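Taking it in order: structure first as structure tokens, then the write-up.
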Amino acid sequence: MRLITADMKAGDVVQVWPETREVFARYGLNLDCGGVHELEYVAQKHKFSLEKFLEELNAEITTPLPPETAQGHATRPGMPWRVRPLSPPGWHSTPRR
């Protein structure tokens, strides 16, 4: 069963499951956009396989939560994901070609 789905926003995924940050980084995504885009849009914009991306994200989950919990609500303690950058300052994502 997939907990992370294509219609979830990138920022919500990282906020609920911080362990997925490494997958975003592997795909060259730093969430400079604010994480407001749905994963389907992110994969389309950066031209990579949505299915593979979702598989990798779901494989990283160490604490399962119901999908409705991940939809726009922070459920983990700590700083919000917007405060913790995925990458060092000055590093920007580059679209895959």
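Laboratory data are not the source of any read-out in this text; all were calculated from the coordinates shown. Remember, predicted model here, so these are calculated numbers, not experimental data. Cβ sites come from the backbone with ideal geometry, for glycine too, and all protein chains shown count toward neighbours.
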### Task
Starting from the Cα of T62, move 7 Å in the Cα-to-Cβ direction to define the label point; list residues of the range 1-39 whose amide nitrogen is under 13 Å from there.
17-22
## Note on the structure
Log10 I(q)/I(0) at q = 0.16 Å⁻¹ for the range 10-70, from Debye over equal alpha-carbon scatterers, is -0.45
